[in-house]
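Heads up: the structure comes next, in structure tokens.
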Amino acid sequence: MRIDAVELVLVELPLVRPFRTSHGTELTKEAILVHLEGPDSHGWGECVADRAPLYSSEFNAATWTVLSELFVPRLLAAADVAASDVARLLSPFKGHRMAKAALEMAVLDAELTAAGRSFQEYLGGEGERVAPGVSVGITDTVDELVAVVAAYRAEGYGRVKLKIEPGFDLEPVRRVRAELGDDAMLQVDANAAYSRADAEHLARLDAFGLLLVEQPLDEEDLLGHVELARRLATPVCLDESILSADSARDAVALGACSVVNVKAGRVGGYLEAKAVHDTCVRLRVPVWCGGMLETGLGRAANLALATLPGFTLPGDISATNRYFHEDVTDPFVLEGGSIAVPRGPGLGVEVHRDALERFSTRRWRARR
Ligand code: NPG
């Protein structure tokens, strides 16, 4: 399609409760949304970068610069752009996968909307509903954590992920396991907060029958993960370390992980996310769809992605009310332990312009 105009909108949405990880506490969700206009269609993308480079080196101020000064002008200069061209057009630029992913998502939404096809159909997913998990932040006390987890269980979440960090790991996990019972699906996410010297300590998590331990060590420490995976009975899952289908293949071949978290933003887009999925299916490695507290736009795309057959573990794609009182789209609702996958053309969701206005803090627009 020909791209006539691109708008960037920085939004800030209050979170219903603070989200604390080993990196710090978020009170609001800040995201760059991309709106792209063509002659007969338009599309939305969402960038999953955060305010500060804590989860990854990408962060919104830098992403805004790289999008407005380099990536968008490159797309506007191209005569015709298909979603499958975006990665190649932007490939001279190193890194900035989250920014690239947001643009590719917007092009894909516009292209599929024009063709009357849904994200799910395009990606090759099946099924009308997804049974997600919920990711629970670090709390001030373990009692509070147990209460929060119990409330999510009562809402119908079938899998719980606990954020852990040194000083908040064995005891919270023991107490939550006791609360949930032995059969409940429980996993932990360290966001790279441990070091190789913590192997013996982390091995104590084996007592709790966890589905997996996610990203215990630094994103660049693949060898450390290999050694840890040998040491632990609990499967090691990688998130931050997996940047492409090739890096997933290599991490599995090395024995650094036996489960993979797929986030489209982290790997440069939904097309590469599908490639990561396909690689893992070939290697018989389970994948699941990670979350970055997305607005309804990213959530719609993640729901579609999570219906691919290799996504055999529940993802971090909770209902809207777990994150926001109000979103820029209609809310996604958990009913009977699952959420409906959008079926309409493109992302299958509408942006509420009034909400977008109220949440937006910065805008930029360029025309061809
Ligand atoms: O449900 O979207 C969600 C949150 C899932 O825990 C979650 N995300 O490390 O995976 C992560 C973590 C995260 C959130 C990381 C926000 C960075 C920013």
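The values are calculated or read from the model by the stated rules, or taken from the named source; none is laboratory data. All values derive from a computational prediction rather than experimental measurement. Cβ placement follows ideal geometry from the backbone for every residue including glycine, while neighbour counts extend to all protein chains displayed. Each accessible area value is taken on the protein alone, full model and side chains, heavy atoms only, with ligands, DNA and RNA left out. Shrake-Rupley method; radii C 1.70, N 1.55, O 1.52, S 1.80 Å.
Kindly report the accessible area of the chain per residue (heavy atoms of protein chains, probe 1.4 Å, no ligands, DNA or RNA), in Å². It would help to have the intermediate numbers written out before the result.
Details: 14380 Å² over 368 residues.
The answer is 39 Å² per residue.
Rounded to whole Hz and in sequence order, give me ³J(HN,Hα) for segment 74-88 from the Karplus expression 6.51 cos²θ - 1.76 cosθ + 1.60, θ = phi - 60°, writing x for Gly and Pro.
Once rounded to whole Hz, the list reads 5, 5, 5, 7, 6, 5, 9, 10, 9, 4, 6, 8, 4, 4, 5.
Can you pull the percent of segment 10-91's accessible area that's carbon plus sulfur, 1.4 Å probe, other chains left in place?
For segment 10-91, the apolar C and S fraction of the accessible surface comes to 54 percent.
Among all lysine pairs in the chain that are eight or more places apart or on different chains, how many have alpha carbons less than 23 angstrom apart?
Lysine pairs, 8 or more places apart or on different chains, close enough: 11.
Non-local amide H neighbours of residue 3 (under 5 Å, H modeled in plane, Pro and chain starts lacking H): which ones?
Counting only residues 5 or more places away or on other chains, the set is 81.
Per the Kirkwood definition applied to all pairs of different Cα atoms, how many angstroms is the hydrodynamic radius of segment 121-340?
So the Kirkwood estimate lands at 17.5 Å.
Which value, in debye to the nearest 20, describes the size of the charge dipole of the chain about its Cα centre when Lys and Arg Cβ atoms bear +1, Asp and Glu Cβ atoms bear -1, and nothing else is charged?
On the way: 39 positive and 54 negative charges, 91 e Å.
Dipole of the chain, to the nearest 20 debye: 440 debye.
Using a 1.4 Å probe on the protein heavy atoms only, what accessible surface does residue 100 show? Give it in Å² to the nearest 10.
Looks like 30 Å² after rounding.
What's the magnitude of the charge dipole for segment 121-340 around its Cα centre, counting Lys and Arg as +1 and Asp and Glu as -1 at the beta-carbon? Answer in Debye, nearest 20. Before the final figure, lay out each step's value.
Details: 20 positive and 35 negative charges, 114 e Å.
About 540 debye.
I'd like to know how the chain sits against the 2.2 N^0.38 Å rule of thumb: what's its Cα Rg over that expected value? The partial results should precede the final answer.
On the way: Rg = 19.7 Å, N = 368, 2.2 N^0.38 = 20.8 Å.
Rg over 2.2 N^0.38 Å, computed on Cα atoms: 0.95.
Apply the Karplus parameterisation 6.51 cos²θ - 1.76 cosθ + 1.60, with θ equal to phi minus 60°, to every residue of segment 48-62 and state each ³J(HN,Hα) to the nearest whole Hz, in sequence, with x for glycine and proline.
8, 5, 9, 4, 10, x, 9, 7, 9, 6, 6, 8, 4, 5, 6
If you restrict to DSSP beta bridges whose two residues both lie in segment 121-340, what percentage is antiparallel, to the nearest 5? Mind dumping the intermediate values first?
Details: 4 of 22 bridges.
Beta bridges within segment 121-340, antiparallel portion: roughly 20 percent.
Answer with one residue from 344, 328, 270: the one whose Cα lies farthest towards the positive end of the charge dipole of segment 265-368, charges on Cβ with Lys, Arg +1 and Asp, Glu -1.
Among 344, 328, 270, the one farthest towards the positive end of the dipole of segment 265-368 is 270.
Within the accessible area of segment 121-340, what % is carbon and sulfur when the probe is 1.4 Å and the other protein chains stay in place? Can you show the working numbers first?
On the way: 3990 of 8110 Å².
After summing per-atom areas, the C and S share lands at 49 percent.
Taking the dipole about the Cα centre of the chain, with the C-beta of Lys and Arg at +1 and of Asp and Glu at -1, give me whichever of 93, 286, 253 is farthest to the positive side.
Towards the positive end, the residue furthest out is 93.
For the ranges 288-299, 14-25, what's the packing order if you count other beta-carbon atoms within 10 Å of each residue, average per peptide, and put the highest first?
Working: 288-299: 24.9, 14-25: 15.2.
Final packing ranking: 288-299, 14-25.
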